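This structure is in structure tokens; I'll ask about it shortly.
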Amino acid sequence: MNLLEIDCEVIVQGSRPIMFSSFGYGLICRFCNALALILFCTMGQAETQSEAAAETPAKTVVAFGDSLTQGYGLPAESGFVPQLGAWLAGQGAQARMINAGVSGDTTAGGLARLDWTLVEPVDLVIVNLGSNDMLRGLDPGLAHENLSQILDKLEARGIAALLVGHLGPLNYGAEYKAQYDRAFQELATRYDVAFYPFYFKTLMAPDGVTPDLQNYFQADGLHPNAEGVAAVVADMGPYVLRALGR
């Protein structure tokens with residue numbers, strides 16, 4: 001009897017056996033062995049990549065700002081810092097987030113507390129100050145100088161910065177607005193730092209001029225709700241990744 005023509009009963013479906021030759025059986029065995037080797041190598045590679053990711057130290061990110069950073073009026077998990085941290089994690093970026101937002105803070109207040117905020121090694125500072133200066137009608141030149149000194153300090157420490165811009169209000173006149181509108185872009189260019197042009201840019205109504213108060217803001221009309229923060233984070237997140245060198 002020719003060995004290659006011997007039939008082997010291997011799998012039974014219902015009452016009818018499925019028959020194939022030992023020649024086919026040999027092919028299947030070789031295929032299974034090859035498949036097992038591929039799976040083993042693939043799993044080993046995945047484990048190696050996972051171990052490498054786990055060994056990569058998390059970047060420390062300080063969100064440095066006012067109530068927009070602090071998370072005013074929101075549950076702890078819905079504020080800007082927790083939502084940004086979750087977004088970064090979803091992108092595979094390991095980041096240790098520090099909430100250095102102080103409700104009501106101005107650029108002068110931020111400058112005064114910057115040194116003791118940076119008592120430990122930091123990789124990136126997201127600078128989001130200036131909105132309260134505008135609300136109080138403070139001198140745009142003074143805000144510009146305070147932000148300049150903040151960026152000076154970060155540069156001297158070798159800390160990357162992401163500057164968040166704001167647009168001046170209209171109620172103090174066209175020149176006042178123009179000075180604020182220019183200040184953030186000028187600073188970002190001078191210090192060659194990452195720049196997010198306008199914190200509220202994704203929260204505007206279809207006309208692009210007025211805020212979408214109904215969908216994205218709390219009752220005060222000044223602070224974003226949880227959905228508004230999520231929209232800001234989704235748009236700003238890629239800027240943060242680039243600033244982290246991702």
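Only the coordinates and a few stated rules stand behind these numbers; no lab work does. Quantities reported herein were computed from a predicted structural model and do not represent experimental measurements. Backbone-built Cβ (ideal geometry, glycine too); neighbour counts: all protein chains shown.
What translational diffusion coefficient, to the nearest whole µm²/s, does segment 57-243 have by Stokes-Einstein, given a Kirkwood radius computed over alpha-carbon pairs, a temperature of 20 °C and 1.002 mPa s viscosity?
Rounded, D is 129 µm²/s.
I've got another one for you. Suppose every Lys and Arg Cβ carries +1 and every Asp and Glu Cβ carries -1, with no other charges. What dipole size does segment 57-243 come out with about its Cα centre, to the nearest 20 debye?
The calculation lands at about 320 debye.
Let me ask something else about it. Using label points projected 7 Å from each Cα along Cα→Cβ, tell me how many nm separate Thr56 and Leu170, to one decimal.
With each label point 7 Å from Cα toward Cβ, the separation is 4.5 nm.
How would you rank Asp192, Asp133, going from fewest to most other Cβ atoms within 10 Å of each one's own Cβ?
Lowest count first: Asp192, Asp133.
Hey, can you grab everything whose amide H is under 5 Å from the amide H of Ile126? Only 5+ residues off in sequence or another chain; H modelled, so Pro and N-termini drop out.
When sequence neighbours closer than 5 places are left aside, the close amide H contacts are Val62, Ala63, Phe64, Leu162.
Ala231: net charge of surrounding residues, Cβ under 12 Å, Lys/Arg +1, Asp/Glu -1, itself excluded?
Once positives and negatives cancel, what remains is -2.
Provide the per-residue ³J(HN,Hα) series for segment 181-197, in order, calculated from phi with Karplus coefficients 6.51, -1.76, 1.60 and θ = phi - 60°, each as a whole number of Hz, with x at glycine and proline positions.
4, 7, 4, 5, 5, 4, 5, 4, 5, 4, 9, 6, 10, 4, 9, 9, x
Quick one: Leu118, Leu142, Leu68, Leu88, fewest Cβ neighbours within 10 Å first, how do they rank? All intermediate terms of the calculation are to be shown ahead of the outcome.
Details: Leu118 18, Leu142 13, Leu68 25, Leu88 22.
Ordered by Cβ neighbours within 10 Å, fewest first: Leu142, Leu118, Leu88, Leu68.
Give the distance, in whole Å, between the Cα centre of segment 79-107 and the Cα centre of segment 147-217.
The distance from the Cα centre of segment 79-107 to that of segment 147-217 comes to 18 Å.
Okay, next question. Check cross-link reach from Lys201 to the lysines: straight Cα distance under 17 Å, and skip same-chain residues fewer than eight apart.
Hits, sequence-local ones excluded: Lys177.
For Lys59, go through the lysines and keep the ones whose alpha-carbon is under 25 Å away, minus same-chain ones fewer than eight residues off.
Correct list for Lys59: Lys153.
Given H placed 1.01 Å from N in the peptide plane, which residues other than close sequence neighbours of Asn225 have an amide H under 5 Å from its amide H?
Residues meeting the criterion, in which the H sits 1.01 Å from N, are Phe217, Gln218.
Sticking with this one: If we count other beta carbons within 10 Å of each Cβ, what is the order of Val81, Val102, Val62, fewest first?
Final ranking by Cβ density, sparse to dense: Val102, Val81, Val62.
Which of the listed residues, Ala100, Leu124, Ala89, is farthest toward the dipole's positive end in segment 86-139, when Lys, Arg count +1 and Asp, Glu count -1 at the beta-carbon?
Ranked along the dipole, the leading option is Ala89.
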